[in-house]
Structure formats: structure tokens, C-alpha cells
Amino acid sequence: MSSGSYLLNLLVFFPLLAALPMFKIGEQHARAYAVVVAGIELLLVLCLWFLFDSNTGNLQFQSNTDLLGNGLFLFILAVDGISLFLVILNALVIFLATLAVYENKKHMLLSLLLLEGILMGVFLAQTLLVFYVFWEVSLLPVLYMIGRFGVKDRVYSGLKFFIYTFLASLIMLVGFLYWAYASYLVVRSGATPFSDAVWGSIWGSNAIWGMTFSDFAKMSAYIPLQTQFWVFLALFAGIAVKIPIFPFHSWMPHAYGNAPIVGSVVLSALLLKMGTYALVRLLLPLLPHLLPQFLLPLSLLALCMVIYAGILACVQTEMKRLIAYSSMSHMGVALLGLYALNVEGVGGAIFTMFSHGLVSAGLFMLVGMLYQRSQSSKIVAYQGVAHSMPAFATCFMFVLLANVGMPLTSGFVGEFLSLLGFFNVSPLITLLAGSTIILSAIYMLNLYRKVFLGVPNRRSQALKDLCGREKFILATLIVAILFFGIYPKPILTPIEKSVQVLLNTAQPLKDQ
């Protein structure tokens, strides 16, 4: 096992194990400890990026562990250009989130560290069972944060989020089981060339869950289309609720609106990306025969996300809900890029996932800084904030422009490539989806006008500008947004290499 392989295991288990001592640490030392742990994890992730070979799109640093010693439960981790930058995003957002916790809320910090390790498992896992376990367990820290530290109807919001996503994940599990059983029957029948040379000993021991994503993808050319249809629906149901895709989004306004600010940050910047990542990792390579047949209805749903969520964002009176609907609208553009099934579209969608994670984290943290000072995120509660908080207003404008998709910001690069890729599929839908730029400009600039401009009201006059810690958090995000907007090559090159490998894998094997 190479040093890189050990590094992947360390990325998953270090934050999980390091979180355990927090049960004994006092409240006054909790944040310092969590920041140190999250900082070490971020350094490890940067080491992974340094060691990563950007000239190949194949999986790297693969780690294979037989947990039971009999080949029945394989713990396989690996990274490629698709998952690498989601791993980086996870480490960066959690590190900044630990800094953004204003009070020594030990259990919130504990939840953040646990969530970090779990999400590392989601993005690095290469077997269905390991992926699904991490996917499901990720609900628990977020449920706790909403139910314990949220506002207003926090228990109702947390339970609604959990029930929706948990039930959808169970449907996904049924799809996994059905796919595995169908694969088992096909291999046992001798209808594939994998029966003896490659898969014989593995399937003979019934180690279905030891199969990697690529192994299961090879079976798509031999499993009946009717079976693929039902598996597609099951997997899509689990993914659609997680993103969420219209019309499976009814849990979103409650969860985002009543979650603590840090909870909203991880929901938008990280958990939302789990859904789009699963679509890339599962549906594209596993079901290459069926996905093109669903292209039109899937594209229309994504278009509805762009327009419907954008219109809802325009009429919101609460900042967190406005940003939540904005996130949903921008993810509609990313989905169109994924459905393009070309390097430009899929690569742009993955870049959008990374960029939007930075932008949405920045927006929610900015709202959190305002909330911390006045205990309100209502738009009407503020006016003329720029007079009392000029540094805050400047940072808000930078992140706002990235959310709109202004050139020279990372938000422009991903969405442009996503729409460019889908233009080859449907120019009309692409043109309509381009309305996200107009809608984003309407609701974001209108928000800025109402909150930051005009004569300051009494609440706004009493506000204090950013402290040093807050400036560091926002400067980190703004530098990343501007740097990768001006020079996206360090991200785009490894992403495009891996996307090319993915699309080659997704070609129907019968035609090769």
C-alpha cells in the first residue's frame, strides 16, 4: 500500500477519531481544538493535491482493505479528478466553519468534525456498500445541528429533512440491491465474458458488495433494459431529494431557514454536492444505455429548477431562504451540464459544484455574521448597512458577483462550461437556462440595495464591522473565488481528464 493510499484512510478516519476527545474537552477549549483538527485535515488534503498526478484521469492512491478477512466486505478508497476537489472543498469549508462558530458550542463543533470524516468517505469510497453507509450516516450530524441549535421550528425542520432524505436513501438502497442481484444472475448464467477470468471467484463467494463502481458499470451492457429502468428510478429518487431537484424540494426551505448558520453552510456547500456527485458517480457510468432516453424529462426538471427557484428567490423576505433557493437554481445549471454527456458540460458541472460550494458558504457565513450582531436575518430589518460595516459590504459584493456569475469569478467558469456543453444538446433549453444570470442579478442586487444602501436605520447604525477572524474567513473564500475564476486550469485539467475516462466508461460496452 502506497503512502497516498494510507493518506486516503487518514483523511477519512482522522477527523472521526479526533472528534472523540471532544466529549471530555471543556467548552472553553472546544473551538480551539476543533480548529486545530480541521486545520490538520486541510493540510493533509493539500498534501493529497500536491501528490495527485493531474496528467491522468484514472483512479489514484487506491486502498484495498478486507475488513472481515473473507472477501465479503471490501473497504476500497480511491481518488480521481472528480472527487479530488470535492475533498478539498469539504476540508476547506469545515475548517472555515469551525472558525465561524462564535460560541464554544462543543457539540456543534463535534458534529462538524464527524461530518467531515463521513463526507470524506462519501467522496472517496469506491464500493457500493461503503458509499451507501457513509451516505446514510451523513444525515445524523446535520439532523443534530438543526434540532439542537436551530431556530423557530427547528425540531420539525430537522425531522422533515431527515425523514425525506432517509426514505429516499432507502429507495436508493433497494435499487442497489436489485442491481446487485441482477448482476449476480447474469454472471452466474455465463452471459458475460467476466464470469471466469475476472469475476468468477468473487461472485462465487457472493461478495456482491465488494464490487467497485467500475465493476458494476461493466454489467450495464448485459442487464435487461427493464431492470435498468427500475434501478434508474430508485437511484434517481435518492439523488433527487438530496440535491434537491424540483419537485422534491419541499424539505429545503424549512431546513435551510431554521438551521443554525453553520448548518446552512454545510447543507448548501457540502450535502447538496453529495447528490450531484452521486449522479456523476452512479447514474452516468452505471446506466449508460438508459440515461440518454431520459434526457428530455431530466433536462426539463433541471430547467424548472433554474427558473422556478430563481423566481422564488426573488420574492423571499428572509436572507437564508433566498440563498437556499439561489443554490437550487444554480444546481439546475450544473445538472444540465451533467446531462450533456460531454467533457465541457460534465467538467463544467463538476467545477460548478466546487465553485458553488465556495460561494454559498461565503453567502451563508456573511448572513451569519450579520445575524450574530442583531439576531435577525430578515431583509426588512436592515438598511444602509454599508455605512456602519464598509468592509462587510465590500466582501458581500465580491461574493454576490460570484453568485451572479460575473466573469473573472469562479461562478462564471463553471456555469459557462455547463451551458456550453448542453448547447450542443439543446440550444433552446440552454437559452432558457441562461435566464439564471438575469434572475440571479435581480434577486442578489435587490438584496444588496435593500440591506446595504440607503439611510441607515437604528439597527444598522449599531452594527460593528468585521473582526480579524471574520476577515480571515471571508478573505480566504474571496481569494479562492477570484483565483480560480481568473486561472481555473489547476482544477479544470484534472477534472477534464477524469471526465474523459468516465465518459469512455459510460459508452455501451456492446458497441466497443
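The values are calculated or read from the model by the stated rules, or taken from the named source; none is laboratory data. What you see is a predicted model; the values in this text were computed from it and never measured. So basically every Cβ, Gly included, is an ideal-geometry build from the backbone, and we count neighbours across all protein chains shown.
Things worth noting here:
- Only residues that are surrounded by fewer than 24 Cβ atoms within 10 Å (Cβ to Cβ) and either in contact with a Ser or Thr (Cβ under 7 Å, 6 or more places away or on another chain) or of a type in the set (Gly, Ala, Ser) (or both) were counted across the stretch 344-355, and they come to 0.
- Filtering the stretch 281-304 to residues that are at pLDDT 90 or above and under 17 Å from the mean Cα position of the chain (by Cα) leaves only ALA302.
- When the stretch 1-25 is filtered for residues that are touching a residue at least 60 places away in the same chain (Cβ under 8 Å) and either farther than 24 Å from PHE134 by Cβ or not in a helix (DSSP H, G or I) (or both), the ones remaining, listed by number, are MET1, ALA19, ILE25.
- Condition check for VAL367: part of a helix (DSSP H, G or I), surrounded by fewer than 20 Cβ atoms within 10 Å (Cβ to Cβ), β-branched (Val, Ile, Thr) and over 15 Å from the mean Cα position of the chain (by Cα): no
- Apart from one condition, LYS464 fits all of (1) exposed (fewer than 13 other Cβ atoms within 10 Å of the Cβ); (2) part of a helix (DSSP H, G or I); the exception is (2).
- Failed item in (1) under 25 Å from GLN228 (Cβ atoms); (2) touching a residue at least 12 places away in the same chain (Cβ under 8 Å); (3) of a type outside the set (A, V, I, L, M), with PRO253 passing the rest: (1)
Listed here are the residues, each with its yes/no results for (1) surrounded by fewer than 23 Cβ atoms within 10 Å (Cβ to Cβ); (2) among the charged types (D, E, K, R); (3) under 30 Å from ALA221 (Cα atoms); (4) touching a Leu at 6+ places or on another chain (Cβ under 6 Å).
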{"residue": "ALA278", "(1), (2), (3), (4)": "yes, no, yes, no"}
{"residue": "ILE307", "(1), (2), (3), (4)": "yes, no, no, no"}
{"residue": "THR317", "(1), (2), (3), (4)": "yes, no, no, no"}
{"residue": "LEU335", "(1), (2), (3), (4)": "no, no, yes, no"}
{"residue": "ASN342", "(1), (2), (3), (4)": "yes, no, yes, no"}
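- Residue list for the stretch 26-56, filter: touching a helix residue (DSSP H, G or I) at 6+ places or on another chain (Cβ under 9 Å), in a helix (DSSP H, G or I) and more than 25 Å from VAL101 (Cα to Cα): CYS47, LEU48, TRP49, LEU51
- LEU96 vs. criteria part of a helix (DSSP H, G or I) and at pLDDT 90 or above: yes
- Residue check, ALA234 modelled with pLDDT of 90 or more, among the hydrophobic types (A, V, I, L, M, F, W, C) and assigned to a helix (DSSP H, G or I): yes
- Flag for VAL455 being touching a residue at least 40 places away in the same chain (Cβ under 8 Å), buried (at least 23 other Cβ atoms within 10 Å of the Cβ) and either over 29 Å from ALA278 (Cβ atoms) or charged (D, E, K, R) (or both): no
- Single match in LEU167, LEU159, LEU114, LEU173 (criterion: surrounded by fewer than 23 Cβ atoms within 10 Å (Cβ to Cβ) and closer than 17 Å to LEU86 by Cα): LEU114
- Residues satisfying the stated conditions in the stretch 42-83, i.e. at pLDDT 90 or above, touching a Phe, Trp or Tyr at 6+ places or on another chain (Cβ under 6 Å) and farther than 26 Å from GLN500 by Cα: LEU42
- Residue list for the stretch 240-274, filter: outside any helix (DSSP H, G or I), over 11 Å from the mean Cα position of the chain (by Cα) and either closer than 15 Å to MET145 by Cβ or among the hydrophobic types (A, V, I, L, M, F, W, C) (or both): ILE245, PHE246, PHE248, TRP251, ALA259, PRO260
- Test set (1) under 22 Å from LYS160 (Cα atoms); (2) in contact with a Pro (Cβ under 7 Å, 6 or more places away or on another chain); (3) surrounded by fewer than 24 Cβ atoms within 10 Å (Cβ to Cβ) - HIS289 fails condition number: (1)
- Qualifying position, being of a type in the set (Gly, Ala, Ser), in contact (Cβ under 8 Å) with a residue 24 or more places away in the chain and closer than 28 Å to LEU336 by Cα, among ALA462, ALA441: ALA441
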